[in-house]
Every structure is written in C-alpha cells, then in structure tokens.
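The values are calculated or read from the model by the stated rules, or taken from the named source; none is laboratory data. From a predicted model like this one, the values you see are computed outputs, not experimental measurements. Methodologically, a virtual Cβ is constructed for each residue, glycine included, from the backbone with ideal geometry; neighbour enumeration extends over all protein chains shown. Accessible surface areas use protein heavy atoms only, side chains included; no ligands, DNA or RNA. Shrake-Rupley method; radii C 1.70, N 1.55, O 1.52, S 1.80 Å.
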Amino acid sequence: MKELFKEHFAKLFVFLLVGSVIYCNDKWKESDIEMNKETTIAKITNKGRKNRVSYTFRYDGKWISGNDSGNGKAQVGEYYSVHFDRTNPKNSDIILGKKSINPLTLIDQGVDIQGTVKKIGYRSNTYVDLYISYQYDKETFEFRTRKHVDSLPCGKVPDCENASITLKISDYFPELNHLYFESHDRSKLRRELKLKFE
C-alpha cells in the first residue's frame, strides 16, 4: 500500500509542479504585457488542436508571430486585436471577441499609396484584368483586379500600361487593398463580408 501511495504521490507531485510552472509563466507574461502594453491587429494564420491559434502582426516594421488558446469560432484569415509587450513583442495575447474585425474597415482606416499597373489581361470587350504591384515598408505586394473598361482607375485602357494609380491599403496588413475587393469577379466575397459584418 505504501509503494502504491509513493508511486501515485510522485505522479501527482510532478503534475502539480508542471501546472504551477505553467500558471506562473502565464501570470508573468500577463504582467509584462500590462507593464509595457501596446495594441494592434493580428491575423489568424493557423488553427490547431484544442482550438489553439497561431497569428501574425506587424510591429516596428517587422512581422511577429504568436500563438494562444483560441475559441471555437475564430477562423484562419480573420483579424482580431492583440495586446503585446513593446519591449518583447513575441510576448503577446490575442483578444478573440465575439466578432472578428472587418478587413474592409482595416482598409478604410488605412493609407493611400501609389501602385503600378504591370500588365493588362483582356478578358472581354467590357472587362480587363489589371495586374498591379506596389511597395510598402520595404515589402512588395502584387494582385489582380478585374474592372469594367468604363471604370478603370487609370483612365482608358491604352493609358493603363505602366500607369501609376492610387490605392487605399491597410497599414496593419498592407496586402489588403480596396481594388482587390472591388474586382468584378469578387462580388460573392463582398456579399459574404457584408452578411458577416452587418
């Protein structure tokens, strides 16, 4: 009986010790975040077992990765607020509320920059594909948008080759821009966003 007690006591002791270390680490992490707290927006990049989520955010021109326990509703590709320790940005805590943040809101609150039409794809007599490139904070981004020939951001079709155009982008996630979502063939995506964030 004593041997059985010793065996179980050792397992219980190890379990309690590990649990205490994890609890203390979490409390120290929270304390450091509160002392040097900054808030920004993070994007969920992966969802693992037990709803753990991985996410990325930008701080001081760098991409920072983090992971945290999630909730069942958070999905890959969604945006949420994140608190982090500005002296150690890897020490962060994502705030998974009831609703994620609308990417169109992030764009509306963003900045205007200049992009360049690198190529034109002729889809039909009425629609063309514009392949656009732009730089932000030393990163290059490229995307395609399909526009009616009467509503091109660069004027008439012949004027669009290598034309400079104004884009509204999110400064949290510079790959988000208004022309991507305005593309004629992304009407379903726009409807889904409207329903989700009404």
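In region 92-106, is there at least one residue being in a strand (DSSP E or B), more than 17 Å from the chain's Cα centre (by Cα) and not β-branched (Val, Ile, Thr)?
Checked against the condition, which is being in a strand (DSSP E or B), more than 17 Å from the chain's Cα centre (by Cα) and not β-branched (Val, Ile, Thr), region 92-106 yields no hits at all.
If you scan region 61-72, which residues turn out to be assigned to a strand (DSSP E or B), of a type in the set (S, T, N, Q) and either over 12 Å from the mean Cα position of the chain (by Cα) or in the same structural domain as Pro174 (by the TED database) (or both)?
If the condition is that a residue be assigned to a strand (DSSP E or B), of a type in the set (S, T, N, Q) and either over 12 Å from the mean Cα position of the chain (by Cα) or in the same structural domain as Pro174 (by the TED database) (or both), then Asn67, Ser69 are the ones that fit.
Can you tell me how many residues in region 89-99 are over 13 Å from Thr39 (Cα atoms) and either among the β-branched types (Val, Ile, Thr) or in contact with a helix residue (DSSP H, G or I) (Cβ under 9 Å, 6 or more places away or on another chain) (or both)?
1
Of the numbered conditions (1) over 20 Å from the mean Cα position of the chain (by Cα); (2) assigned to a loop (DSSP other than H, G, I, E, B); (3) buried (at least 18 other Cβ atoms within 10 Å of the Cβ), Phe173 fails exactly one; give the number of that condition.
If we test Phe173 against (1) over 20 Å from the mean Cα position of the chain (by Cα); (2) assigned to a loop (DSSP other than H, G, I, E, B); (3) buried (at least 18 other Cβ atoms within 10 Å of the Cβ), just (1) comes out false.
For region 115-160, which positions are farther than 19 Å from Asn177 by Cα, outside any strand (DSSP E or B) and open to solvent by 70 Å² or more (accessible area, probe 1.4 Å)?
Within region 115-160, Arg123, Asn125, Asp150, Lys156, Pro158, Asp159 meet the criteria.
Confirm whether Asp137 is free of Cβ contacts under 8 Å to residues at least 24 places away in the same chain and not assigned by the TED database to the domain that holds Asn46.
Considered against the rule, which asks whether it is free of Cβ contacts under 8 Å to residues at least 24 places away in the same chain and not assigned by the TED database to the domain that holds Asn46, Asp137 comes out as no.
Please work out which one of (1) part of a helix (DSSP H, G or I); (2) within 20 Å of Gly77 (Cα to Cα); (3) free of Cβ contacts under 8 Å to residues at least 40 places away in the same chain is the condition Leu179 fails and give its number.
Only one criterion in (1) part of a helix (DSSP H, G or I); (2) within 20 Å of Gly77 (Cα to Cα); (3) free of Cβ contacts under 8 Å to residues at least 40 places away in the same chain is unmet by Leu179, namely (3).
Phe84 is checked against (1) buried (at least 19 other Cβ atoms within 10 Å of the Cβ); (2) in contact with a helix residue (DSSP H, G or I) (Cβ under 8 Å, 6 or more places away or on another chain); (3) farther than 24 Å from Gly110 by Cα and fails just one. What number does that condition carry?
Failing condition for Phe84: (3).
Could you tell me whether Arg58 is part of a strand (DSSP E or B) and within 17 Å of the chain's Cα centre (by Cα)?
Criteria met by Arg58.
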